[in-house]
Amino acid sequence: MELKVRYVLLLAVGLWSTLLLTTVTAHQEEEDEPIMEMGGDMDVEDEMEELLDGEVEADTPPGPPSAPKVTYKAPEPMGEHFFAESFDMGTLDSWVLSKAKKEDIDEDIAKYDGKWEVEDMKDGKLPGDKGLVLKSRAKHHAISAQLLRPFIFDTKPLIVQYEVNFQQGIDCGGAYVKLLSQTPDLNLDEFVDKTPYTIMFGPDKCGEDYKLHFIFRHKNPKTGEYEEKHAKKPDADLRTYYTDKKTHLYTLVVNPDNSFEVLVDQTVVNSGNLLTDMTPPINPAAEIEDPDDHKPEDWDERPKIQDPDAVKPEDWDEDAPKQIPDEDAVKPDGWLDDESEYTSDPDAVKPEDWDEDMDGEWEAPQVPNALCETAPGCGAWQRPMIDNPSYKGKWKAPMIDNPNYQGVWKPRKIANPAFFEDLHPFRMTPFNAVGLELWSMSSDIFFDNFFITNERHTADRWANDGWGLKKAAEGAAEPGLVNQMMTAADERPWLWVVYVLTVAVPLVLIIVFCCTGKKTAAAAADYKKTDEPQPDVKEEEVVEKAEADQVKEEKSQPAAAEKNSDAEDSPAEKEEVNEEEEEEEEEEEEEEDDEEEEVTEEVRGQ
């Protein structure tokens, strides 16, 4: 029983600790939002009030020491690359804003008039690190830039990566990038949603639908037409990347062997092969159903038919009712045959505005008859209905296998006239520009450090020099566990109860573990000393065993001490001491045996 109590106490400690960590973690995930909302509502007057109140605030106790700041240094592209943009020059000189209008929508929202700015992130964790910011909500945005040279899909992989931070969260909108196809009529001033692209890649979200697109336009080698091919959905949970308001690095790798990888923060979240993991498939079916083939009129698809030789039995009565009155039923005593279940309300009064010419003769509304509430029933009694044992229903001939069954008809297969086999879908249409064509219900979407290369190690170095600094700065700015606990308790005072219990429960455990053995021995001794008659010999033996264990434990301590003190004595002295100890132990055992016999005889006599 004592062991079970200890297990229960240990379980309690674990539950309290889990509750504590869960609460603090939940607080940490939510704490950014109120801070950002506060910052967004501050104006010049608020700043002036803060300056005027500076002396008062200076008297407040200093907070915990700030985390070491990460010094920003603009990343420099190394190795072979086709595009690199960090926005640290603070301008959009190399970018082109679209002047076009979107087709097939209302004129007042057709323009790409969403605002773009180059600025630092709002949290200010890495001063000097600028990025491209989508500033307008519920607006169409379009901006693009030329590559240093066109990207040709040949024998080297394609690596595209860039950073996104949803500073205000994201309700509905995209943050994906388009790699614009190299065509003779490509004009970045006229960049719209229908501008041909080779690859579309990046995050997109609306409602609870979290997406990470990888789409490429595949050219049919027979017809020359393009068709969008969509990668399968990632297996990973993408929710955190849209809600934590941190900067995330999105990377797409497409290899010449047709394999691809999609990474977030240098971790693979989706992978596959262009030939097997795209929808619709790259290559069409070799055979298709003949559209000119039609099912013959005499084709029989019925697997079962009614037996034409079956005859209805002579005693089969199709007119017998399904239910009949129960002839054995008897009307209950007290049934009120002359009373109606409902009666006119005696308290009802005809409305003053009742017009019998218009409304007809007035009648009081019907209410339940009070006499029927205490009686078995009211009105004419009828026998209850029961199932008719003679009922068989309408006769039908039994079903048998159809001897003429020909199976389900399908049109014949013919060779697909549009069939082709492209075993190298990696060889996509070359592209020579990168663009963002977006619509969003959220503002302040931060883009940074666009990079396109054909060398994996070059992309990794660029990521480490750019996104790596942001990650370090965000990690340094996060408070420690103690600060998180204190902040959470300030906002949720009931957490102090959790903290106190988390400390108190282990203390109780320590006390229980240390004192349980001594209390048990003391109880056994008291049980032995009482003069009251005991229930049976079995319980007496338990008490005696507990006392004997306590005595042995007490004797072992001085014996061990004497043994240590005599470690340096002569062999003769040690032998003499050992003989004395053995004689004392034999005398004590004889005394214990005598006591046990006396107690047993007393209990039996009682």
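The values are calculated or read from the model by the stated rules, or taken from the named source; none is laboratory data. Source: prediction; values computed, not measured. As a convention, Cβ positions derive from the backbone with ideal geometry for all residues, glycine included, and neighbour counts pool all protein chains shown.
Being free of Cβ contacts under 8 Å to residues at least 40 places away in the same chain and either surrounded by 10 or more Cβ atoms within 10 Å (Cβ to Cβ) or outside the structural domain of Ala231 (by TED's automatic domain parsing) (or both) narrows it down to one of Asp307, Asp319, so name that one.
Exactly one residue qualifies, and that residue is Asp319.
Of the residues screened, Glu261 is one that is without any contact (Cβ under 8 Å) to a residue 12 or more places away in the chain and under 30 Å from Glu474 (Cα atoms).
Scanning the stretch 365-419 for residues that are closer than 30 Å to Ile288 by Cα and among the polar types (S, T, N, Q) turns up Asn404, Gln406, Asn416. Each residue in the stretch 106-119 was checked for being within 19 Å of Thr195 (Cβ to Cβ), at pLDDT below 85 and more than 37 Å from the chain's Cα centre (by Cα), and 1 of them qualify.
Picking from residues in the stretch 213-225 that are touching a residue at least 40 places away in the same chain (Cβ under 8 Å) and farther than 10 Å from Met278 by Cβ, the one that is nearest to the chain's Cα centre (by Cα) is Arg217. Sub-7 Å Cβ pairs linking a first residue in the stretch 386-400 that is under 18 Å from Ile305 (Cα atoms) to a second residue that is of a type in the set (A, V, I, L, M), at least 6 apart or interchain, are Ala397/Ala310; Pro398/Ala310; Met399/Ile305; Ile400/Ile305, ordered by first then second residue.
Every test in (1) touching a strand residue (DSSP E or B) at 6+ places or on another chain (Cβ under 6 Å); (2) modelled with pLDDT under 85 is passed by Trp462 save one, and that test is (2). If you check Leu179, Leu158 for being touching a residue at least 60 places away in the same chain (Cβ under 8 Å) and in contact with a Leu (Cβ under 8 Å, 6 or more places away or on another chain), only one passes: Leu158. Surrounded by 13 or more Cβ atoms within 10 Å (Cβ to Cβ), under 30 Å from Asn220 (Cβ atoms) and not hydrophobic (A, V, I, L, M, F, W, C), is that true of Asn369? No. Across the stretch 374-415, the qualifying residues are those that are of a type in the set (D, E, K, R) and within 57 Å of the chain's Cα centre (by Cα), and the one among them that is farthest from Glu314 (Cα to Cα) is Lys413. All told, Gly114 meets the bar of being closer than 12 Å to Leu438 by Cα and assigned to a loop (DSSP other than H, G, I, E, B). Note on the stretch 400-422: residues that are exposed (fewer than 13 other Cβ atoms within 10 Å of the Cβ) and outside any loop (DSSP other than H, G, I, E, B) total 2.
Residues that are assigned to a loop (DSSP other than H, G, I, E, B), modelled with pLDDT of 90 or more, closer than 30 Å to Pro296 by Cβ and among the hydrophobic types (A, V, I, L, M, F, W, C) are absent from the stretch 319-333 altogether.
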